[in-house]
Amino acid sequence: MTKPAPNTSEKYDLGFANWVYENVNGGDKLGLCMQCGVCSGSCPIGEQMDHGPRKLFMMIRAGMKDEVLSSNTMWNCTSCYRCVVRCPRSVPVTYILQDLAAKSVELGYAKPNENSKFSNSFWWSAKTFGRTDERLVTAKYYFSFGVVEGVKRGLDNLKIAWGMIKTGRMHLTMPHQIKDKAGLKAILAKAAEIEERESKS
Amino acid sequence: MSDRKPGVYLCKGCGIGEAVDVGELEKLPASEFKIGTCKTHDALCSDEGVALIKADIDGGDINQAIIGACSHRVMTDKFSFNGTPVIRANLREQVAWSQPAGEEDTQMLAADQVRMAMAQASKTDAPSSSAVQELVQTVMIVGGGITGLTAALEAAKSGHKALLVERSDKLGGWANKWSKRMPHLPPYRGVEENHVGKLIAEVEAHGDITVMTDTMITKTSGAPGKFEVTMAHGGSDKIEMIGAIVVATGWRPYDASKLTHLGYGASPDIVTGVELEDMLGDGKLMRKSDGQKEAKYIAFIQCAGSRDPDHLPYCSSVCCGVSIKQSLQIKRENPDASCYVIFDELRTPGTAEEFYREAQEAGVIFMKGKVKSVGGDMSVVYEDDLLGQEVPLNGLDMIVLATGMVPNSTNPDTEAAEEEMNKYLISDINPAAGVSVAGYTGDTPDPVKRPEESIPPGGSILNLQYRQGPHIPILADGFSDSHYICFPYETRRTGIYTCGPVRRPMDMAESADDAAGAVLKAIQAIRSAGEGASVHPRTGDLSFPKIGHDICTKCRRCTVECPFGAIDEEEDGKPVINESRCRRCGTCMGACPVRTISFDNYSPSMVGDMIKAIDVPDEFEEKPRIIIFACENDAYPALDMAGINRQQWSAYVRVIPVRCLGSVTMLWVSTALESGFDGIMLMGCKSGDDYQCHFIKGSGIAKERMSKVGATLKSMALEEERVQMEEVSIADSHSVAKVINKFAATIGDMDPNPFKGF
């Protein structure tokens, strides 16, 4: 990944659009966006976004780097792919949003928020055990807000937890793990290697 | 022609026989006009019916055929008898198909249609010839750019000699400066090589094309088929005889120094699109200011001066494509470059949309909004329509102003002289005069606002030695007067055709197409001049105006009003008609205060007799009569079509087709009022800058004349509302019946014309 062009203003960056076109997964198709707004109109959680995808894409063209990369748009995307299916210009909206989220983390724009914290907990479990463990993911997520907040959230949801345990949806023993954890580690190491290589080229 | 032998032929087909009593009509010629020959047939256009007429002509019984059947606009091939005058009475479209069958009023209308045709025949002769002797076949092309080069090739390929005149020292025009050209071949995606060099080589190699560079036209006189053109070349004059002229003088870029509000002049890196072409030759695009740094951040500002009421009020049409082309060129050379195209509306008609998409795929950044400010510190602030906020672009390397096209309808190299002739340069019709328009129920549209500097500075191109001055007339925006849709190449000077950007803004591919069209028109003009026939819209018409010089008072109204400058003046003011410049509209005839201009088959007395031939019932019968002078180009066909659609209108109306409303003389209006007609309507084409008039200003002149009729009516103690003018287009067939009925109702509410029965 090449670094974005140096800021020419606090808020606006002339080279940002070109940088997104070249570095963000699916960004090469972003130029085709004709601002029809079908993506934003189709988005089931558009109301929870700072900016709908249409507006976010125009902000990219306008060079509003800070605002785009700190937006919650890509974090709230549920990957339902409705926008991708409907886009008349075949812009892969979901991919672009996913990679924009990754870029905002890499560039240090993503402030810890509920979504990123949950994402981190989820990924920790997947990476460590090769599986997601409801109890540990939830615990790690709750306590990422601090001890007091963690206990409070845990108590608030005790009833749900108890229900899940009774029906066998959550367990209190050792976390389930995949058999070949070494294999998983090798896969992840390879993936990291490829990413490293690609970002340099 | 004293020995007119008319014969009347009535048709009973297509519902005429059911709608009216043809047997009654058959008695009219003998009883009222002493015409012996009158025959009826069930289908006159059948072989048998045509043979019936032909036998009478061949047998010498008749030498004029009056045919009471369908409209004169149809079946012209059937009812055509080797130059024998044919007069048609419209009993089908405007009687049988538009009036209730079997009614008394329908029968009266049919009888009047036959009466009018017989009166018309009594003043109709076969036209005599006015063919140009010693016809010249050479086509002269003025301007050696893409348009002129293509025109020369097209003319030469059609078998004509071509003379290509260029004011500069080399051929090619602006195209010489272009690094590349916009796509004109499938898939219309890529930037193409500039082909002007090839085109020049092709022209120079062609044996039938004579190229004259460094040449100015100092004088043009004559008429189609026999123009005499004087040219200055290398300090001496040269005279050439020319058949027809194609003007392809092209354009000049809009003066960017007037665009200080867009930052022009504030920095050397703020350039126009034309200036950028020079910098886009080979290799990297360097900044102009230092020549060292490669331009990486480039903003294009669209509509720089165009579509701006303070500068060029029109769209220059090519700038969007040019900016797309230039940004693609920059992106191809340097993929790291960021090209911003800031547009209000991006106009990419037809295949240009493919080119636009290519640029989007290549990562050119398009931003919709209005530019607020451009700074010498290389910043642009624009109001983004899609974000709803102002967006600044700071630290740009280059700002490109996509400036527009100004037509070379004048020669920028020569001084503008003749102030007083400017009224013939710009359209001399007042587009502000209000007139009701068929189909509109509300107020008339706002008049065209004339920009203050509508005339591109410079002298005349051809320096025509015409009564109406040296110019080819232009429209309000400075482009040469032409009808964009129906007759684009026609100018108001017959035999002289404009094409390319002098006519409207266009790109290289469009200009080449345009050149081919104009050359075909030029060739048609030469051939028509050789036959003594008219060109568009009365194509093939052999009649031409004749002036009775013994009566003429030398008032000069005809020489002033002719829309085509066809009539010159001798020193003592005697009008001289140049037949091959004439388009046969009859505007001179309508202008003449002593009615001494007439055609062999169209004259003030002919229509006057037609009016008088109509039977006007006295006031006690309570059957008012309304006369409509309908322009045969649009209004009359619209009426025919209304009939075809079986629309009905007032049976009190009598329609007389006229060549153009410009040919309507005030004599006809007074004749009609004196004959007891209760209302008069002039039905013709739209006038003004967006005219529909096929003779360009005929309907406008009629409008001016009609504006003075009110006072005359008042002096006769008649209501002003009795005489009206309506603008009708050929597309108004659905509303034309309503227009007539509304007028008929207005007239019906008035007292009868007190002159009835006098």
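Worth a mention:
- Lys/Arg +1, Asp/Glu -1 at C-beta; the protein assembly as shown dipole; positive extreme among B:LEU185, B:MET118, B:SER598: B:LEU185
- Distant-in-sequence amide H partners of B:VAL246 (H built 1.01 Å from N, under 5 Å): B:MET140, B:ILE141, B:VAL142, B:TYR497
- Spatially near lysine pairs across segment B:1-125, Cα under 23 Å, sequence gap of 8 or more or different chains: 21
- Hypothetical label at B:GLU202: residues of segment B:155-178 whose amide nitrogen lies under 19 Å (7 Å Cα-Cβ projection): B:155-165, B:171-178
- Choice from A:ASN25, A:ASN76, A:ASN113 with maximal GNM fluctuation in chain A (Cα, 10 Å cutoff): A:ASN113
- DSSP bridge pairs, the protein assembly as shown: antiparallel proportion in percent, nearest 5: 35 percent
- For chain A, built as a Gaussian network whose Cα springs stay under 10 Å, the top-fluctuating residue of A:MET164, A:MET49, A:MET64: A:MET164
- Per-residue ³J(HN,Hα) for segment B:360-369, Karplus 6.51 cos²θ - 1.76 cosθ + 1.60, θ = phi - 60°, Hz, x for Gly and Pro: 5, 5, 6, x, 5, 9, 9, 10, 8, x
- Shielding score for B:382-395, defined as the mean number of other chain Cβ atoms within 10 Å: 5
- As a calculated quantity, the FRET efficiency between B:SER80 and B:THR746 at R0 = 41 Å, using C-beta atoms, amounts to about 0.50.
- Taking the fewest neighbouring Cβ atoms within 10 Å as the starting point, the ordered list for B:ASP310, A:ASP50 is B:ASP310, A:ASP50.
- Qualifying lysines (Cα of each under 19 Å from Cα of A:LYS200; at least 8 residues distant if same chain): A:LYS3, A:LYS103, A:LYS190
- Dipole of chain B, positive end: most advanced residue of B:VAL374, B:MET279, B:PRO268 [Cβ charges, Cα centre]: B:MET279
- Annotation for B:GLU193 and B:ASP255: the two label points, set 7 Å from Cα along the Cα-Cβ direction, are 3.9 nm apart.
- Percent of Cα pairs in the protein assembly as shown per distance bin of 20 Å, from zero to the largest separation: 12, 31, 27, 18, 9, 3, 0.
- Inter-label distance for A:PHE145 and B:SER129, nm, one decimal - labels placed 7 Å from Cα along Cα-to-Cβ: 10.5 nm
- The trypsin sites (Lys or Arg not before Pro) of segment B:135-176 that meet both conditions, a loop assignment by DSSP and at most 12 other Cβ atoms within 10 Å of the site Cβ, are B:LYS170.
- Nearest-0.05 FRET efficiency for B:MET241 and B:THR414, computed from C-beta distance (R0 22 Å): 0.40
- Listed values for segment A:78-88 are Karplus-derived 3J(HN,Hα) couplings in whole Hz (6.51 cos²θ - 1.76 cosθ + 1.60, θ = phi - 60°), namely 9, 6, 7, 6, 4, 4, 5, 5, 8, 4, x, and x replaces Gly and Pro.
- Within 10 Å of each Cβ in B:184-191, the average number of Cβ atoms from other chains: 0
- Between B:GLU704 and B:ALA731, the C-beta separation translates, for a Förster distance of 30 Å, into a calculated FRET efficiency of about 0.75.
- Loop-located chymotrypsin sites (Phe, Trp or Tyr not before Pro) in segment B:281-315, at most 15 other Cβ atoms within 10 Å (DSSP): none
- Number of partner chain Cβ atoms within 10 Å, mean per residue of A:13-21: 5
- Site pair B:ALA266 and B:GLU353 shows an inter-label distance of 3.7 nm when each label is modelled 7 Å from Cα along Cα→Cβ.
- Using the rule -39500 (n - 2.57) for each DSSP H run of four or more residues, divided by the residues of the protein assembly as shown, the 222 nm mean residue ellipticity is -9500 deg cm²/dmol.
- Taking amide H as placed 1.01 Å from N in the peptide plane, B:ILE474 has its amide H under 5 Å from the amide H of B:ILE426, B:SER427, B:ASP481, each at least 5 places away in sequence or on another chain.
- Per-residue HN-Hα couplings for segment A:41-49 [Karplus 6.51, -1.76, 1.60; θ = phi - 60°; Hz; x = Gly/Pro]: x, 8, 6, x, 10, x, 5, 8, 9
- Packing order of peptides B:383-392, B:655-664, B:487-496, highest average first: B:655-664, B:487-496, B:383-392 (average count of other Cβ atoms within 10 Å over each peptide's residues).
- Shown here: segment B:1-125, whose C-alpha atoms stretch 38, 30, 22 Å along the first, second and third principal axes, sorted largest to smallest.
Quick note: the coordinates plus some simple rules give every number you see, no bench work behind them. Not measured: the values here are computed from a predicted model. Cβ atoms come from the backbone with ideal geometry, glycine included; neighbour counts cover every protein chain shown.
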